[in-house]
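This report concerns only the one structure given below.
The values are calculated or read from the model by the stated rules, or taken from the named source; none is laboratory data. Keep in mind that this is a model prediction, so the values were computed, not measured. Here the Cβ is made from the backbone with ideal geometry for all residues, glycine too, and neighbour counts use every protein chain on show. Protein only, heavy atoms only, side chains kept; ligands, DNA and RNA dropped before computing areas. Shrake-Rupley method; radii C 1.70, N 1.55, O 1.52, S 1.80 Å.
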Amino acid sequence: MYRRALELRPQFDAAELALGGLLRRRGRLPEAIEVLSRAAEAGSNDERARALVALGRAQLSAKLRDDATTSLRRAIEFAPAAVEIRVGVARAWLATGKAEDASHAIELLRRASELAPDVAAVFSALGRGLEKTDDVSGAEAAYQRALRLDPDYRYARRRLLRLALDRQDFPQARAAADDLLTRDPTDPEHHFLAGLVAARDERPDDARRYYRAAIERAGGTYPEAYFN
């Protein structure tokens, strides 16, 4: 469908970006790089910056590190004031799983936090970067900052729950699980996480109840809940 859209309108930037991202996720990296390279050469500065972020991610997946470094640097050059571009670049580096790339991502995100101290996504991404460098206290502070800016930022609350479980702070983990369930009781993962907290806290009856609720809300397809 994306290719058909591009046949009808060859300069359809959103379709090129979507097609390139889909090809990357399916592991068809040479095709993804070809499509995203075209997208990065046309459009407004913001459009080119978004395409360059996607291109850099594809190049990192293809182990083309030097090319990726160039693409991600150019993305910021095209849109230096766009915080979402800096966050996208940082997330691309975090996705490699390498400690040195996580440190570079943290530098980018600290700069982004100076440019946009009121954007929760910046601090959530910063928290993830700090986790990857084993700065747990720093990560918790970043996630808490994200939640102060946006109390409904579920990813940050889920990470705080996981960190609380790691240090066996069951009251804190339970409070996070209860908040998630209150905000969206239809999400299977929220019931699963509540079950995980209950199991670790040696409340097996509650754990089974939450796991069953997760399975029910997932339409019967939640392997981790069945396993637990």
When the accessible area of the chain is split by element with a 1.4 Å probe, what percent falls to carbon and sulfur? 49 percent
Determine Rg/Rh for the range 118-228; Rg is computed over alpha-carbon atoms and Rh is the Kirkwood hydrodynamic estimate from the same atoms. 1.00
Dividing the mean separation of Cα pairs under 8 Å (6+ apart) by the residue count of the range 1-144 yields a relative contact order in percent of 14 percent
Note down the nm distance, to one decimal, between modelled labels 7 Å out along Cα→Cβ at Glu114 and at Asp178. 4.1 nm
Isotropically averaged projected area of the range 25-105, using the convex hull of Cα atoms (one quarter of hull area), nm²: 4.9 nm²
Per residue value of the accessible surface for the range 102-206 (all protein chains in place, 1.4 Å probe), Å²: 48 Å²
Output row, site Thr221, 7 Å Cα→C-beta label point, backbone N cut-off 15 Å, window the range 16-42, residues none
Order these peptides, 186-192, 57-63, by their mean beta-carbon neighbour count within 10 angstrom, highest first. 57-63, 186-192
Dipole of the range 1-94 (Lys/Arg Cβ +1, Asp/Glu Cβ -1, origin at the Cα centre): which of Pro10, Ile85, Ala32 lies farthest to the positive side? Ala32
Kindly write out, for the range 191-206 in residue order, the coupling ³J(HN,Hα) from the Karplus curve 6.51 cos²θ - 1.76 cosθ + 1.60 (θ = phi - 60°), rounded to whole Hz, with x marking Gly and Pro. 5, 4, 5, 4, x, 4, 4, 4, 5, 5, 8, 6, 10, x, 5, 5
How long is the gain from Arg9 to Val136 if the chain were fully straight, where each residue apart is worth 0.36 nm and the alpha carbon distance is subtracted? 40.9 nm
Give the value in nm², to one decimal: projected area of the alpha carbon convex hull of the chain, averaged over all directions. 13.9 nm²
Which whole-percent values make up P(r) of the range 22-69 when all C-alpha to C-alpha distances are grouped in 5 Å steps starting at zero? 5, 27, 33, 23, 10, 2
Which angle between 0 and 90 degrees, to the nearest 10, do you get for helix 99-115 versus the longest principal axis of the chain when only C-alpha atoms count? 90 degrees
